[in-house]
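Novice: Would you mind keeping the following structure in view while I ask a few things?
The values are calculated or read from the model by the stated rules, or taken from the named source; none is laboratory data. Only a predicted model underlies this, so the values are computations on that prediction, with no experimental measurement involved. Note that each Cβ is placed from the backbone with ideal geometry, even for glycine, and that neighbours are counted across all protein chains shown. For the accessible areas, the whole protein counts, side chains as well, though only heavy atoms, and no ligand, DNA or RNA atoms are used. Shrake-Rupley method; radii C 1.70, N 1.55, O 1.52, S 1.80 Å.
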Amino acid sequence: MTEKIAIIPGSFDPITNGHLDIIERAAKVFDVLYVSVLANSSKQPLFDLDTRLALIKEVTAHIPQVRVESAQGLTVQYAASKGAVAIVRGLRAVSDFEYEMQIASMNRTLEEDVETFFVMTNSKYSFLSSSIVKEVAKYQGDISGLVPKAVEEAIQAKFR
Ligand code: ADP
C-alpha cells in the first residue's frame, strides 16, 4: 500500500497545544505528516525560522509520522512536490471558516489532486492562538497549559 502523505502548513510562531492537538490527531490518519513552517508569511515573527523549526521538532519528537521542514512559495505546490494527498488545517471558531474556505477553494483550483482536510479543534483550545499566547506572555501572564514546556520557556526568555 502506498504511504498516505499530508502536510500541515502554518506559521507556528510558536507552536501551541492547539497545533499539537491537530498534529496528533492527523497522525492517526496519515502515514507521513510534514509540519511545514511557511517562511514567506507577511507577518513579522517573534521567533526566527530556525527556532520555530527546533521547537516543533522537540515537542513532536514522540510522533513517528512527523517530519518538520520549512517551506516556501505556494503551499499547494509544496504539497504536490512532497507527494502529499492532503493539506490538513485546524478549525477553531466560525471565524476561521471563511478564510479557510477561500484558501481551500483556491488551492483546489491550482492543484486538484491535493485535498484539504479540516480537523476540528478540541474545544478547550478553540480560543487558543499563537498571537494570544504571545500577548499574555508579554505581560507576564500564565501560559502554562497553552503551550508545551519548551515553548513556554522560550517565550518567557523573549519577554524577560
Ligand atoms: P497560519 O498563519 O497559516 O494561520 P498558524 O500557525 O496560525 O498559521 O496555524 C496553522 C494551522 O493550525 C491553521 O490551520 C490553524 O487553523 C491551526 N490552529 C492554530 N491554532 C489552533 C488551535 N488552537 N486549535 C486548532 N487548530 C489551530
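Novice: Which percent of the accessible area of the range 3-125 is formed by carbon and sulfur heavy atoms (probe 1.4 angstrom)?
Specialist: That fraction is 52 percent.
Novice: Where the centroid of each part is defined by its Cα atoms, how far is the range 82-160 from the range 1-39 in Å?
Specialist: Between the Cα centre of the range 82-160 and that of the range 1-39, the gap is 11 Å.
Novice: A follow-up question, please. Go ahead and run the numbers for FRET between L110 and Q72, Cβ-Cβ distance against an R0 of 22 Å, rounding to 0.05.
Specialist: That pair, L110 with Q72, gives E of 0.90.
Novice: I've got another one for you. Specify which residue in the list P64, A26, P14 is farthest towards the positive end of the charge dipole of the chain, using unit charges on the beta carbon of Lys, Arg (+1) and Asp, Glu (-1), about the Cα centre.
Specialist: Final value for the positive-end residue is P14.
Novice: Please report the equivalent ellipsoid semi-axes of the range 3-125, computed as sqrt(5 x eigenvalue) of the Cα gyration tensor, largest first, in whole Å.
Specialist: Ellipsoid half-lengths, sorted descending, are 19, 17, 16 Å.
Novice: Here's a follow-up. What is the magnitude of the charge dipole of the chain about its Cα centre, with +1 placed on the Cβ of each Lys and Arg, -1 on the Cβ of each Asp and Glu, and no other charges, expressed in debye to the nearest 20?
Specialist: The calculated dipole for the chain is roughly 340 debye.
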